[in-house]
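The values are calculated or read from the model by the stated rules, or taken from the named source; none is laboratory data. This structure is a prediction, so every number in the text was calculated from the model and none was measured. Cβ placement follows ideal geometry from the backbone for every residue including glycine, while neighbour counts extend to all protein chains displayed. The accessibility values were calculated without ligands, DNA or RNA, using every heavy atom of the protein model including side chains. Shrake-Rupley method; radii C 1.70, N 1.55, O 1.52, S 1.80 Å.
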Amino acid sequence: MEIVLSGIRPTGNLHLGNYYGAVTSFVKLQEAYKCFFFIADWHSLTTHPTPENIQNSARTILSEYLACGLDPEKSTIYVQSDVPEVIELYLYLNMNAYLGELERVTSFKEKARKQPDNVNAGLLTYPTLMAADILIHRSHKVPVGKDQEQNMEMARKFARRFNMMYNTDLFPEPQNFSLAGQGGIKIPGLDGSGKMGKSEGNCIYLCDEPSVIRKKVMKAVTDAGPQAMNSEKPEVIQNLFTLLDVVSTKDTYDYFNEKWNDCTLRYGDLKKQLAEDIIKATDPIRERIKEYAGNTDLLQSIAKAGAEKARESAAATLKEVRKTIGFKVY
Ligand code: ATP
Ligand code: MG
């Protein structure tokens, strides 16, 4: 069975974009692939978080992904720092990763510009750590967005290089896996900008209380209203309809669409309905997030079981790697 791996950045809470764009697809992938989902806490060290930051965000993220339906029985869900095998592979890969190519990575250049006082070696070797995350399970597919494509190319390059150097086919070349092809939907922001995103600061979070969701939706940017029958919707209005299409029934969507077409649509009504339907769609998830977040024992046992499964897979790869490189296998 093909292996799918996805790293989860432990920054902030999950928003509707993360959910409908990625996590719903992860939940489906569990049925058809051998999936590994890990919380990339080592990666977060490049920006020097506090110990409390690290603890809390791993816990939050784990609660949220479980609440969304990642299933520890079907997938391997683990915290990166629970799997030390990854670091050993990272070391080996770093021996064949060259300064020039690492310095040319766009995300490195961007981060170095953004944090000129903290251009650390971890930042430079971020692509090797990412390659180690992927190659340690000999993954075939990795769901990534545009911003990770270059890192994926690096992972393929490192896999190829290792295979060539030792005349082996130990590592499959990991392929990018399009989430759009898995039913992932791009969720727009409600502030008139392109997408909903943490950096954009325009998110509706899964853990937002209903009152907060209502406020955020009521503040959505609109225009003066429909001007002509059956006209095309401007972007800000289309954004509301895109969300409506995701969370509401077809009847509701059609009702407001007709109102748009015959120029009787009142945005306030649409927003009220949209807010209620977002609340309804996310209600069970919100409840489950609270349950998981409040159950430290359960989270710990899930993380422990995930780490055991992940280490088993990682150790099997590492054993081959060590043998291939020439280290004695005990
Ligand atoms: P940042 O602003 O820091 O990049 P983000 O809000 O874009 O954060 P990520 O952590 O980059 O979130 O993304 C996690 C996953 O969610 C990725 O697979 C990404 O493609 C997906 N995703 C993020 N925002 C959206 C969105 N608005 N619509 C659909 N998918 C999204
Ligand atoms: Mg992003």
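Contact annotation: residue pairs with Cβ atoms under 8 Å, 6 or more positions apart or on different chains, pairing a residue in region 146-158 that is within 14 Å of residue 126 (Cβ to Cβ) with a partner that is surrounded by fewer than 19 Cβ atoms within 10 Å (Cβ to Cβ) and of a type in the set (D, E, K, R), are 154/101.
Note on region 130-150: among residues that are more than 17 Å from the chain's Cα centre (by Cα) and part of a helix (DSSP H, G or I), the one that is surrounded by the fewest Cβ atoms within 10 Å (Cβ to Cβ) is 132.
Residue count for region 195-227 satisfying the condition of being open to solvent by less than 50 Å² (accessible area, probe 1.4 Å), more than 16 Å from ligand 1 (Cβ to nearest atom) and farther than 15 Å from residue 285 by Cβ: 3.
Would you check which residues across region 203-220 are in a loop (DSSP other than H, G, I, E, B) and either modelled with pLDDT under 95 or over 25 Å from residue 259 (Cβ atoms) (or both) and list them? First the steps, then the outcome.
Of the residues in region 203-220, the ones in a loop (DSSP other than H, G, I, E, B) are 203-204, 206-209, 219-220.
Result: 203, 206, 207, 208, 209.
Here are 249, 242: which of them is closer than 22 Å to residue 229 by Cβ and out of contact with any Gly (no Cβ under 8 Å at 6 or more places or on another chain)?
Only one candidate passes the filter, namely 242.
Pick from region 151-174 the residues that are among the polar types (S, T, N, Q) and loosely packed, with under 15 Cβ neighbours inside 10 Å: which of them is nearest to ligand 1 (Cβ to nearest atom)? Let's see the steps before the verdict.
Looking only at region 151-174, we keep the residues that are among the polar types (S, T, N, Q), and these are 151, 163, 167-168.
From the residues that got through so far, the ones that are loosely packed, with under 15 Cβ neighbours inside 10 Å too are 167-168.
Numbers: 167: 36, 168: 32 Å.
Checked region 151-174; the qualifying residue nearest to ligand 1 (Cβ to nearest atom) is 168.
The residues of region 151-204 that are charged (D, E, K, R) and under 18 Å from residue 18 (Cβ atoms), listed by number, are 186, 191, 195, 198, 200.
Scanning region 186-202 for residues that are assigned to a loop (DSSP other than H, G, I, E, B) and more than 11 Å from ligand 2 (Cβ to nearest atom) turns up 186, 187, 189, 190, 191, 192, 193, 194, 201, 202. Among the candidates 151, 176, 167, 118, the residue that is more than 25 Å from residue 41 (Cβ to Cβ) and polar (S, T, N, Q) is uniquely 167.
Name the residues in region 232-246 that are touching a Phe, Trp or Tyr at 6+ places or on another chain (Cβ under 6 Å) and either among the polar types (S, T, N, Q) or crowded, with 16+ Cβ neighbours inside 10 Å (or both), would you?
Within region 232-246, the subset touching a Phe, Trp or Tyr at 6+ places or on another chain (Cβ under 6 Å) is 244-246.
Once the filter is applied, which keeps residues that are touching a Phe, Trp or Tyr at 6+ places or on another chain (Cβ under 6 Å) and either among the polar types (S, T, N, Q) or crowded, with 16+ Cβ neighbours inside 10 Å (or both), region 232-246 yields 244, 246.
Exactly one residue among 272, 259, 280 is in contact (Cβ under 8 Å) with a residue 40 or more places away in the chain, in a helix (DSSP H, G or I) and surrounded by fewer than 17 Cβ atoms within 10 Å (Cβ to Cβ), and that residue is 272. Are any of the residues in region 51-72 outside any helix (DSSP H, G or I) and free of Cβ contacts under 8 Å to residues at least 40 places away in the same chain? No, every residue in region 51-72 fails to be outside any helix (DSSP H, G or I) and free of Cβ contacts under 8 Å to residues at least 40 places away in the same chain. Condition check for residue 44 on (1) modelled with pLDDT of 95 or more; (2) among the polar types (S, T, N, Q); (3) surrounded by fewer than 21 Cβ atoms within 10 Å (Cβ to Cβ): one failure, at (1). Filter region 179-194 down to residues that are modelled with pLDDT of 90 or more and open to solvent by 60 Å² or more (accessible area, probe 1.4 Å) and give me whichever is nearest to ligand 1 (Cβ to nearest atom). Ranking the qualifying residues of region 179-194, first place goes to 186.
Which one of 297, 254, 277, 283 is among the charged types (D, E, K, R) and farther than 29 Å from residue 6 by Cβ? Testing whether each residue is among the charged types (D, E, K, R) and farther than 29 Å from residue 6 by Cβ leaves just 254. Scan region 1-26 residue by residue and report those that are in contact (Cβ under 8 Å) with a residue 40 or more places away in the chain, away from ligand 2 (no atom under 16 Å from the Cβ) and open to solvent by 40 Å² or more (accessible area, probe 1.4 Å). Passing the criteria: only 2.
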